[in-house]
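Down below is the structure, laid out as structure tokens.
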Amino acid sequence: MIGTPIHAASYIFNILDPSYLHDRWKTSNKGIIMSLSPQDIMGSWVHSHEEDPKDASLREVYRPSDWNFGPSRGRRGYDLQEGNLASVQGIRPADGLIETEARWWLESGNVLVILEPGGAIRRMRVEEVGPDRLVLRELLDSN
């Protein structure tokens, strides 16, 4: 049906609006993001756990920090800044937030790497990115 959104991978494209994908995004014929620039994902992102898929896919949905979130007992997040600086927001045991400084970069064009204090490294594939939605998939050592 013309004008109906179609699903490709985890993305929704409107067949009448090919400009939906910005020129800077390089996609394969399956709709997979092949290469991003740091500017594509810079910003303050907060985990919207209520939007996470219910399967065991290790995907997490993030929204801008000014998003109108529902009630929650705390939310994790990332503030990805210029110069590969980042702050990681975590949840304290008493529902408070803790913020730590970190470093971030992109590798392989679409893998976000966060280096936290103490050397902990988190690697996540960027599966979807737009002005109000970021979807990351946790990569395990074998990926």
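The values are calculated or read from the model by the stated rules, or taken from the named source; none is laboratory data. Since the model is a prediction, treat every value here as computed from it, not as a measurement. Here Cβ is always computed from backbone atoms with ideal geometry, including for glycine, and neighbour counts include all displayed protein chains.
Observations on the structure shown:
- Test: residue in the range 33-53 that is modelled with pLDDT under 75, surrounded by 17 or more Cβ atoms within 10 Å (Cβ to Cβ) and among the β-branched types (Val, Ile, Thr): yes
- Taken over the range 42-63, residues that are over 26 Å from Ala94 (Cβ atoms) and outside any loop (DSSP other than H, G, I, E, B) amount to 2.
- Residue that is farthest from Leu58 (Cα to Cα), among those in the range 94-143 that are crowded, with 16+ Cβ neighbours inside 10 Å and charged (D, E, K, R): Glu116
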